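The structure appears right after this line, and notes come after that.
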Amino acid sequence: MSHCLYCNKKIAMSKVFCSKGCKENYFQLIAIRVPKLFVKRVYVFCNEQEREEEIGNFAQRHNWRLDLCKNKIKEEAVRLGYLKLSA
Ligand SMILES: [Zn+2]
């Protein structure tokens, strides 16, 4: 057994993704580049509402999907220590 690179679902050994959607999401997610300063700005200096707006503008400006941008930015925020993952 192997695991889908995007959603981690179990798939056949010969496959890399469980679906076309996962493949698309995976490559779009890789393409999304979030500047560290942007992550810092929205997590350190913005309140929750401002953060939503900033991330919305960011996704729109680059023509990236909002949900993927949110995931990526959150990931970065955790990695950079601005956001603690609640258990
Ligand atoms: Zn998948």
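Rule-based calculations on the coordinates, nothing more; no lab input. Note that the structure is a prediction, hence the values are computed from the model and not measured. With ideal geometry, Cβ positions are generated from the backbone for all residues, glycine too; neighbour counts draw on all protein chains shown.
Could you list PHE27, PHE58 in order of exposure, starting from the residue whose Cβ has the fewest other Cβ atoms within 10 Å?
PHE27, PHE58
List the residues, sorted by chain then number, that are 5 or more residues from LEU83 or on another chain and whose placed amide H is less than 5 Å from its amide H.
VAL78
In debye to the nearest 20, how big a dipole does the range 32-87 give about its Cα centre with +1 on each Lys and Arg Cβ and -1 on each Asp and Glu Cβ?
With only Lys, Arg, Asp and Glu charged at Cβ, the dipole is about 300 debye.
Specify which residue in the list SER14, TYR26, HIS3 is farthest towards the positive end of the charge dipole of the chain, using unit charges on the beta carbon of Lys, Arg (+1) and Asp, Glu (-1), about the Cα centre.
The residue sitting farthest along the positive end of the dipole is SER14.
Sequence-distant or interchain residues sharing an amide H contact under 5 Å with ILE11, placed H: which?
Here the answer is SER2, HIS3, CYS4, since their amide H atoms fall under 5 Å of that of ILE11.
Report, ordered by chain and residue number, the lysines lying within cross-link reach of LYS72, taken as a straight Cα distance under 17 Å and ignoring same-chain residues fewer than 8 apart.
In chain and number order, the partners are LYS23, LYS36, LYS40, LYS84.
Return one quarter of the surface area of the convex hull spanned by the alpha-carbon atoms of the range 32-87, equal to its mean projected area, in nm².
Result: a mean projected hull area of 3.7 nm².
List LEU37, LEU66 from most exposed to least, where exposure is judged by having the fewest other Cβ atoms within 10 Å.
So the ranking, lowest neighbour count to highest, is LEU37, LEU66.
As I understand it, the value is the acute angle between the Cα axis of helix 20-31 and the longest principal axis of the Cα atoms of the chain; what does it come to in degrees, rounded to 10?
40 degrees
Nearest 500 deg cm²/dmol is fine: what mean residue ellipticity at 222 nm does the chain get from its DSSP H runs of n ≥ 4 alone, each adding -39,500 (n - 2.57), divided by its residue count?
Value at 222 nm, helices only: -16500 deg cm²/dmol.
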